[in-house]
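The values are calculated or read from the model by the stated rules, or taken from the named source; none is laboratory data. Keep in mind it's a predicted model, so treat the numbers as computed, not measured. FYI the Cβ positions are ideal-geometry reconstructions off the backbone, even for glycines, and counts take in every protein chain you see.
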Amino acid sequence: MKKNMLTGICEEIIFSNFFKSHAKTLRNYLLYKYGNEEQAEDVTQEAFIKLWENCANVPLEKAKSFLYTVANNTTLNQIAHQKVVLEYSKKSPGSHLDSQSPEYLMEEEQFKVKLQKAIADLSEAQRTAFLLHRIDGKKYHEIAEILGISVKAVEKRLHGALQELRKKIDNFR
Amino acid sequence: MKDDTMLARWLNGELDEKELKAFMASPEYDTYRKIKEYSAQLTVAEADMDSLYARILDNRNKQQKKVRTLSPWLSRIAAMLVMALGITYFFYTTNTTTQLAENGQRNEFLLPDNSEVVLNAGSKAEYRSWNWEDNRKIELDGEAFFKVAKGQTFDVVTDLGTVTVVGTQFNVKARGDRFDVTCFEGKVKVTTAKNEILLLPGESIAFEKGKTLDAPAEDGAQPGWITYDTYFAAEPLANVIAEMERQYRIDIELNAQVENTYVGYIPMNDIDTALELINTNYHLKSEKAGNKIILTLE
């Protein structure tokens, strides 16, 4: 029995809510992947447009998986992968630093810069998993869904990322 | 076994007390602690999600608009054209060719794949020439001799059953309640409501009212009627007379009760000999009355 009214994600309210829940993460993920803001936004847009075009065939519970599958398979512009620019939030809980010595503070600043550089040198697989956890606060099973891998694989990537980061930072000395 | 997930579990706060103590005692722990702390402070440039959403909606509206810009007049013409094409195509593909052989006549013709068909008198055949090679199916009412060219299966469909062949020569007779098939060359499969039988050269099958008959087969490379020497495989006299009427284009009235069936040949180009054979076999005598021949007991 065919219903004539729009159902599921074809309905604008549902689509809009879905967008609000998932668009930012998708765009950030793509940004970690490509390092290019424009590319990340374009692919995000394309993925949502494709989702809308196929809304009649994609049940709501499969929509996220559909979205990421399209996004991961979209090769729009052949922009070479660049290094994603990360910044430290100004609102960080750094109150304990105020009571420290200037030398200590300078060392910490240097560490933070080394960390930024080391993250940029990570492989795409490790970098995307790491940043989705640290910046977007995604749980391991969520990261697994986004990357299309198992939770165990996510753990391996994060373990590997931390190892790499430590090695690089300690070698910077 | 190498532990390649320990750091991830630590990051997630999943290490048990023992593991955690051991890790915290290691020299690298300090670096890891700082990595964990500072990486949590990282941010990435924010995107304008509202305008991104607006662009997506815009795209959807554009798609819908595309459908609406076709003017109603133009779409009416298009619809009529499509219908006209569809109807023409329909007639073209379902167009059947009909071949007839009147009484006293026969009709020899070729099918699109050069298969030969000889229609006996008082018979009709119908087939669709479109896409013939992939669908060789011919409907027969009456009798015909087939010389089928090599190719896909070839079906002769009658009211009494279907004959399926692959590159053979065979005869099919479907008249009234009587269904006869004789294979002269190749293999022939005969399917009726109740039976399925495969015929080899020299074999034949006969059904009377759906019942299989034990009827002797014809000899030769083709059916006798092709050379006007028609063979009857245990058929009632009424059937023999009906065939004579078709061949000679005369009326024959049988005013006698006869039981035996006829097995043998009757000429269809020599009425006198034909009548003589009938009379001798059934102890009858013939009389001419105008355009009719009346048969009575001797």
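Points to keep in mind about this one:
- Condition check for A:Val84: surrounded by 17 or more Cβ atoms within 10 Å (Cβ to Cβ), at pLDDT 80 or above and of a type in the set (Val, Ile, Thr): no
- For segment B:23-66, a tally of residues being at the interface with chain A (Cβ under 7 Å from one of its Cβ atoms) and either under 20 Å from A:Arg27 (Cβ atoms) or not charged (D, E, K, R) (or both) returns 19.
- Residue among B:Asn114, B:Asn103 that is in a loop (DSSP other than H, G, I, E, B), at pLDDT 85 or above and within 25 Å of the chain's Cα centre (by Cα): B:Asn114
- Only one entry of B:Ile266, B:Ile205, B:Ile241 meets the criterion of being free of Cβ contacts under 8 Å to residues at least 60 places away in the same chain and over 29 Å from B:Ala193 (Cα atoms), and that entry is B:Ile266.
- Unmet requirement for B:Thr227, which otherwise passes all of (1) without any contact (Cβ under 8 Å) to a residue 12 or more places away in the chain; (2) over 26 Å from B:Pro201 (Cβ atoms): (2)
- Counted residues, segment B:225-244 - those being under 32 Å from the mean Cα position of the chain (by Cα) and of a type in the set (D, E, K, R): 2
- Of all residues in segment A:154-173, those satisfying the criterion of being more than 7 Å from chain B (Cβ to nearest Cβ) and surrounded by fewer than 16 Cβ atoms within 10 Å (Cβ to Cβ) are A:Lys167, A:Asn171, A:Phe172, A:Arg173.
- Single residue of B:Glu133, B:Glu143 found to be in the same structural domain as B:Ile205 (by TED's automatic domain parsing) and closer than 30 Å to B:Thr88 by Cβ: B:Glu133
Yes/no per residue for (1) of a type in the set (Lys, Arg); (2) in contact (Cβ under 8 Å) with a residue 24 or more places away in the chain:
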site: B:Asp141; (1), (2): no, yes
site: B:Ala144; (1), (2): no, yes
site: B:Gln152; (1), (2): no, no
site: B:Val157; (1), (2): no, no
site: B:Val163; (1), (2): no, yes
site: B:Lys173; (1), (2): yes, yes
site: B:Phe179; (1), (2): no, yes
site: B:Lys187; (1), (2): yes, no
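- Residue within segment B:167-176 that is touching a strand residue (DSSP E or B) at 6+ places or on another chain (Cβ under 6 Å), more than 20 Å from B:Gln105 (Cβ to Cβ) and in a loop (DSSP other than H, G, I, E, B) present: yes
- Condition check for B:Asn269: part of a helix (DSSP H, G or I) and either more than 26 Å from B:Gln105 (Cβ to Cβ) or over 22 Å from the mean Cα position of the chain (by Cα) (or both): no
- Condition met for A:Lys20 (more than 14 Å from the chain's Cα centre (by Cα), surrounded by fewer than 18 Cβ atoms within 10 Å (Cβ to Cβ), of a type in the set (Lys, Arg) and modelled with pLDDT of 85 or more): yes
- Taking segment B:224-251 as the range and being crowded, with 20+ Cβ neighbours inside 10 Å and either in a strand (DSSP E or B) or touching a Cys at 6+ places or on another chain (Cβ under 8 Å) (or both) as the test, the residues that pass are B:Thr230, B:Tyr231, B:Phe232, B:Ala233, B:Glu235.
- From A:Ser65, A:Ser21, residue being free of Cβ contacts under 8 Å to residues at least 40 places away in the same chain and among the hydroxyl-bearing types (Ser, Thr, Tyr): A:Ser21
- One residue stands out among those in segment A:32-73 that are polar (S, T, N, Q) and at the interface with another protein chain (Cβ under 10 Å from one of its Cβ atoms): the one that is nearest to A:Glu145 (Cα to Cα), which is A:Thr44.
- Residues of segment B:12-61 that are among the β-branched types (Val, Ile, Thr) and out of contact with any strand residue (DSSP E or B) (no Cβ under 9 Å at 6 or more places or on another chain): B:Thr31, B:Ile35, B:Ile56.
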